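Here is the structure we will look at, set down as structure tokens.
The values are calculated or read from the model by the stated rules, or taken from the named source; none is laboratory data. Here the structure is a predicted model, which is why all the values come from computation and not from measurement. Every residue, glycine among them, receives a Cβ derived from its backbone with ideal geometry; neighbour counts consider all protein chains shown. To get the accessible areas, we keep the full protein, side chains included, count just its heavy atoms, and leave off ligands, DNA and RNA. Shrake-Rupley method; radii C 1.70, N 1.55, O 1.52, S 1.80 Å.
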Amino acid sequence: MRAEALKGHLDGLLLAALEAGPRHGYAIIQALRAGSGGQVDLPTGTVYPALHRLESAGLVRGTWSVAGGRRRRVYQLTSAGRRTLTTERSTWREFSAAIGALLEPTANLATP
Amino acid sequence: MTSPIDDYITELATALPGPRRKRNDILAELRDGLCDATDAHRAAGLPAAAAIHAAVSEFGDPRQLATAFRPDLAATQARRLILALSLTAPLIVLLWMHAAAVSDGSGPRALSWHLLAAPPVPIATAALGVAALAAFATLANCGIVKPLIDHPRLATRSAAVAGFTVATTDLFILTLLGTQIAIAPPGSLATVPVTAAALLTAARSGITHRATLRCIRAARANP
């Protein structure tokens, strides 16, 4: 999937990847890749800066933790992040329902 | 021979502006991410050297990555500058008020010293109030500074305007002090409080000026 097609959904995807629990940056990329059967392969160069932006906006919280002798930055959703995710989700449902209805061959479009 | 991961991090470090701690955090996080990617490629069957190369190319051009971090770093720097200015403002006002109050004011006074020596209490209270509110707003991330977070460019612009205004005002105050020293009878100024206020004002002017320039540089899309 092209990066630009995902552009408007980057924040929602990142928040969704953290819904089940805290993850570090690369684990988020892998989770989205695996969860979409490889369709969503976000360029790494957009994920880390986006996580920092979400953190500044108070939607995720990043903390350093030590796992397996390695210091790593782990992100988790804040309650504001959870609320934003819910909004993103319902916006997406409305959007995909509307576009889906129009793109179907059976779409109820008036004849010209 | 250095590892391609080290080279990548060095290149990223060169292109990354910003507050030192946040910058070091980003570098550590990206190094960790590159190691994760290497592990993933090894697990997928690549030999060690090829896995490292695959990880580095997956992360893309380090300069582009640095550019993507810039707005957020610049905004952080801008918010810190605004916070520092709002915290030091009342301190400096109070120091000058104190310096003027304990100096002998019976001799001739420059207009400026007159203003400094007799600032009505409401001004000081208002200065303290505004500073406390600005500091709280910046720290608590409440409505007033929300736009500064959502629009990094606005944060940088406000910080730049505030920074240069404060730095210039500080220099102006010092010039006024010079005038007062020139016309006041010798010994009429309280040496210690006036020196303390002047030194602090000069220091803040210099630090603010540098911080403001750093802030503007960080905000530039292309270094």
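So which residues in the range B:1-58 are of a type outside the set (S, T, N, Q) and not in a helix (DSSP H, G or I), if there are any at all? The answer is B:M1, B:L16, B:P17, B:G18, B:P19, B:A44, B:G45, B:L46, B:P47. Candidates in the range A:49-62 are the residues that are more than 15 Å from B:G33 (Cα to Cα) and part of a strand (DSSP E or B); of these, the one that is least open to solvent (accessible area, probe 1.4 Å) is A:V60. When the criteria are applied in full, B:D36 fails the requirement of being touching a Lys or Arg at 6+ places or on another chain (Cβ under 6 Å), open to solvent by less than 40 Å² (accessible area, probe 1.4 Å) and within 11 Å of another protein chain (Cβ to nearest Cβ). For the range A:1-48, the set of residues classified as open to solvent by 40 Å² or more (accessible area, probe 1.4 Å) and hydroxyl-bearing (S, T, Y) consists of A:T46 only.
Output the residues belonging to the range A:36-48 that are outside any loop (DSSP other than H, G, I, E, B) and without any contact (Cβ under 8 Å) to a residue 12 or more places away in the chain. Spell out how you get there, then give the answer.
Restricting attention to the range A:36-48, the residues satisfying the condition of being outside any loop (DSSP other than H, G, I, E, B) are A:44-48.
Hit for the range A:36-48 is A:G45, nothing else.
Could you go through the range A:85-94 and let me know if any residue there is touching a helix residue (DSSP H, G or I) at 6+ places or on another chain (Cβ under 8 Å) and exposed (fewer than 10 other Cβ atoms within 10 Å of the Cβ). Checking the range A:85-94: not a single residue is touching a helix residue (DSSP H, G or I) at 6+ places or on another chain (Cβ under 8 Å) and exposed (fewer than 10 other Cβ atoms within 10 Å of the Cβ). Are any of the residues in the range A:68-78 farther than 18 Å from A:A20 by Cβ and hydrophobic (A, V, I, L, M, F, W, C)? For the range A:68-78, residues farther than 18 Å from A:A20 by Cβ and hydrophobic (A, V, I, L, M, F, W, C): absent.
Looking only at residues in the range B:148-206 that are more than 30 Å from A:G58 (Cβ to Cβ) and not in a helix (DSSP H, G or I), the one that is most open to solvent (accessible area, probe 1.4 Å) is B:P186. Is it the case that the range A:7-17 has a residue that's modelled with pLDDT under 90 and more than 14 Å from the chain's Cα centre (by Cα)? No: zero hits. B:R70 meets all of the listed conditions (1) basic (K, R); (2) open to solvent by 50 Å² or more (accessible area, probe 1.4 Å); (3) touching a Gly at 6+ places or on another chain (Cβ under 9 Å) but one, namely (2).
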